[in-house]
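Chemist: Have a look at this one before I ask anything.
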Amino acid sequence: RAKTLGKARYAVFDKEMHEKAVSAMDIESSLRTAIERDEFELYYQPILSSETDRVIGAEALIRWRKSDGGMISPGEFIPIAEETGLILPIGEWALRTACRQAVVWRDMGLPEITVAVNISARQLQRQDLAHVTQALLEEAGLEARLLKIELTESAVMADVDHAIAIFKDLERMNIKISVDDFGTGYSSLAYLKRFPIHTLKIDRSFINGILDNEDDRAIIGSIIAMAHSLNLRLVAEGVETEAQYELLGKLGCDEIQGYYCSPPVPAADFVAYVQKNHELQPANNTPRGQPV
Ligand code: C2E
Ligand code: MG
Ligand code: MG
Ligand code: MG
């Protein structure tokens, strides 16, 4: 009996595996043409200073709108883009687009906003990440200090010596580095001290429980204290309620990002959010920072 059950389970497993593989192949082949067809878009999520409650940054988050109108989330296609190497042209597109957008905002006279772009492990592996970034900054006409590069803890840890070398190049260029999803990997702050990084983004899984779980609150409190002693700034991601926002401010977290402030939105909506947040009058006779 156990044998038949076992067989049945394998059959289901195989079918699921097969469906997954087929859909990954579908995604791969349409990803190949998506850049040429201009199917990607960047959304921007505001990042607020907890000291002033004002927007000081934006995280650029990629969206893929297929020709049939369907939206595919990065969680579905970024892993496939990484496996196939397509992340290299897609990542370069994202970096170029975010830099251009930041120039549009700067030239509109918005308050200074730092744009953070996610970079995958595969992009970091390249020897020339710093050169590519420099070239894109120059092409767009953006000051390096207005760009931030986000890398996950696991991407950084994949090849530590290489990561440190690239980070030093970026640091010399005045580009800031954030470690994304901090706390989900195996690195410790003592270890990260070796890296020239600027910001830690505390993973949202730690934020969920801070109101009702004393341990979670204690963990966040000690991460903040240690990070500050290493001169790192802290961003909390995934902040969904006012109570979390207030508590994180009290705990000394420097910056807040999450649905409580705003979900990621198209460029024009981001401008409207910044104007409202900074109590600026939206100019009626000028375009609202068209997406680039
Ligand atoms: P991430 O860099 O950690 O980005 C934060 C994710 O959390 C985003 O998901 C954002 O929409 C979501 N989020 C923000 N606030 C909240 C909240 O309050 N509650 C909840 N539940 N979620 C929140 P998104 O846009 O689906 O992106 C997922 C991941 O895809 C990103 O995680 C990043 O790792 C990757 N990604 C996005 N854009 C790019 C890109 O241009 N290049 C690369 N390499 N990766 C990207
Ligand atoms: Mg990120
Ligand atoms: Mg994250
Ligand atoms: Mg994140």
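Chemist: If the Cβ limit is 8 Å and pairs must be 6+ apart or interchain, which residue in segment 203-231 that is of a type in the set (Ser, Thr, Tyr) pairs with which residue that is within 16 Å of ligand 1 (Cβ to nearest atom)?
Modeler: From residues that are of a type in the set (Ser, Thr, Tyr), the pairs are Ser205/Gly183; Ser205/Thr184; Ser205/Gly238.
Chemist: Would you please name the residue that is surrounded by the fewest Cβ atoms within 10 Å (Cβ to Cβ), looking only at residues in segment 82-105 that are free of Cβ contacts under 8 Å to residues at least 60 places away in the same chain, touching a helix residue (DSSP H, G or I) at 6+ places or on another chain (Cβ under 7 Å) and among the charged types (D, E, K, R)?
Modeler: Ranking the qualifying residues of segment 82-105, first place goes to Glu92.
Chemist: Right, something else. Taking Met108, is it in contact with a helix residue (DSSP H, G or I) (Cβ under 9 Å, 6 or more places away or on another chain) and over 21 Å from Leu200 (Cβ atoms)? Spell out the reasoning first.
Modeler: On the way: in contact with a helix residue (DSSP H, G or I) (Cβ under 9 Å, 6 or more places away or on another chain): yes; over 21 Å from Leu200 (Cβ atoms): yes.
Spelling it out, Met108 is indeed in contact with a helix residue (DSSP H, G or I) (Cβ under 9 Å, 6 or more places away or on another chain) and over 21 Å from Leu200 (Cβ atoms).
Chemist: A further question on this structure: Is there a residue in segment 95-106 that is within 30 Å of Glu279 (Cβ to Cβ) and aromatic (Phe, Trp, Tyr)?
Modeler: Within segment 95-106, the subset within 30 Å of Glu279 (Cβ to Cβ) is 97-106.
Among the residues that remain, those that are also aromatic (Phe, Trp, Tyr) are: 105.
Yes, some residue in segment 95-106 is within 30 Å of Glu279 (Cβ to Cβ) and aromatic (Phe, Trp, Tyr).
Chemist: Would you please name the residue that is nearest to ligand 3 (Cβ to nearest atom), looking only at residues in segment 194-229 that are small (Gly, Ala, Ser) and farther than 15 Å from Cys253 by Cα?
Modeler: Our first condition is that a residue be small (Gly, Ala, Ser); within segment 194-229, this holds for 205, 209, 218, 221-222, 225, 227, 229.
Right, trim to farther than 15 Å from Cys253 by Cα and you get 205, 209.
On the way: Ser205: 10, Gly209: 17 Å.
Among those residues, the one meeting the criterion is Ser205.
Chemist: Among the residues in segment 228-238, are any within 16 Å of ligand 4 (Cβ to nearest atom) and closer than 24 Å to Thr97 by Cβ?
Modeler: Yes, because at least one residue in segment 228-238 is within 16 Å of ligand 4 (Cβ to nearest atom) and closer than 24 Å to Thr97 by Cβ.
Chemist: List every residue pair whose Cβ atoms sit under 7 Å apart, with the two residues 6 or more apart in sequence or on different chains, where the first one lies in segment 175-196 and is farther than 17 Å from Ser120 by Cβ and part of a helix (DSSP H, G or I) and the second, anywhere, is within 16 Å of ligand 3 (Cβ to nearest atom) and β-branched (Val, Ile, Thr).
Modeler: Leu192/Val179
Chemist: While we're looking at this one, here's another question. Tell me, yes or no, whether segment 239-253 has at least one residue that is of a type in the set (Ser, Thr, Tyr), more than 16 Å from ligand 1 (Cβ to nearest atom) and surrounded by fewer than 16 Cβ atoms within 10 Å (Cβ to Cβ). So that I can check it myself, show each step before the final result.
Modeler: To start, the set of residues in segment 239-253 that are of a type in the set (Ser, Thr, Tyr) comprises 241, 245.
With more than 16 Å from ligand 1 (Cβ to nearest atom) added as a condition, the list becomes none.
For segment 239-253, residues of a type in the set (Ser, Thr, Tyr), more than 16 Å from ligand 1 (Cβ to nearest atom) and surrounded by fewer than 16 Cβ atoms within 10 Å (Cβ to Cβ): absent.
Chemist: Which residue is farthest from Arg100 (Cα to Cα), if the candidates are limited to segment 33-65 and must be modelled with pLDDT under 95 and loosely packed, with under 13 Cβ neighbours inside 10 Å?
Modeler: In this case the residue turns out to be Thr33.
Chemist: So which of Arg145, Arg65, Arg126, Arg122 ends up being more than 23 Å from Asp181 (Cα to Cα) and more than 15 Å from ligand 4 (Cβ to nearest atom)?
Modeler: Details: Arg145 fails: more than 23 Å from Asp181 (Cα to Cα); Arg126 fails: more than 23 Å from Asp181 (Cα to Cα); Arg122 fails: more than 23 Å from Asp181 (Cα to Cα).
Result: Arg65 is the single residue among Arg145, Arg65, Arg126, Arg122 that is more than 23 Å from Asp181 (Cα to Cα) and more than 15 Å from ligand 4 (Cβ to nearest atom).
Chemist: Let me ask something else about it. Restricting to segment 230-252, give me the number of residues that are assigned to a loop (DSSP other than H, G, I, E, B), closer than 21 Å to Asn213 by Cα and either within 15 Å of ligand 3 (Cβ to nearest atom) or modelled with pLDDT under 95 (or both). Walk me through it before giving the result.
Modeler: Step one: filter segment 230-252 for residues assigned to a loop (DSSP other than H, G, I, E, B), giving 230-232, 237-241, 251-252.
Then keep just the ones that are closer than 21 Å to Asn213 by Cα; that gives 237-241, 251-252.
So of that shortlist, the ones also either within 15 Å of ligand 3 (Cβ to nearest atom) or modelled with pLDDT under 95 (or both) come out as 237-240.
Of the residues in that region, 4 qualify.
Chemist: Follow-up. Can you tell me which residues in segment 60-73 are within 16 Å of ligand 2 (Cβ to nearest atom) and either in contact with an Asp or Glu (Cβ under 7 Å, 6 or more places away or on another chain) or in a loop (DSSP other than H, G, I, E, B) (or both)? Give the steps one after another, and end with the answer.
Modeler: Taking segment 60-73 as the starting set, the residues that turn out to be within 16 Å of ligand 2 (Cβ to nearest atom) are 60-63, 73.
If the condition is that a residue be within 16 Å of ligand 2 (Cβ to nearest atom) and either in contact with an Asp or Glu (Cβ under 7 Å, 6 or more places away or on another chain) or in a loop (DSSP other than H, G, I, E, B) (or both), then Arg63, Ser73 are the ones that fit.
Chemist: Consider segment 198-216. How many of its residues are outside any helix (DSSP H, G or I), in contact with a helix residue (DSSP H, G or I) (Cβ under 7 Å, 6 or more places away or on another chain) and within 16 Å of ligand 4 (Cβ to nearest atom)? Before the answer, list the steps.
Modeler: Start the filter on segment 198-216 by keeping residues that are outside any helix (DSSP H, G or I), which leaves 198-203, 208-213.
Still in the list and also in contact with a helix residue (DSSP H, G or I) (Cβ under 7 Å, 6 or more places away or on another chain): 200, 202, 209-211.
Retained after the next criterion (residues that are within 16 Å of ligand 4 (Cβ to nearest atom)): 200, 202.
Residues flagged as outside any helix (DSSP H, G or I), in contact with a helix residue (DSSP H, G or I) (Cβ under 7 Å, 6 or more places away or on another chain) and within 16 Å of ligand 4 (Cβ to nearest atom) within segment 198-216 amount to 2.
Chemist: Quickly run through segment 107-154 and pick out the residues that are touching a residue at least 24 places away in the same chain (Cβ under 8 Å) and on the phi > 0 side of the Ramachandran plot.
Modeler: Gly141
The values are calculated or read from the model by the stated rules, or taken from the named source; none is laboratory data. Note that this is a predicted model, so its numbers are computed, not measured. In this analysis, Cβ positions are derived from the backbone assuming ideal geometry, glycine residues included, and neighbour counts consider all displayed protein chains.
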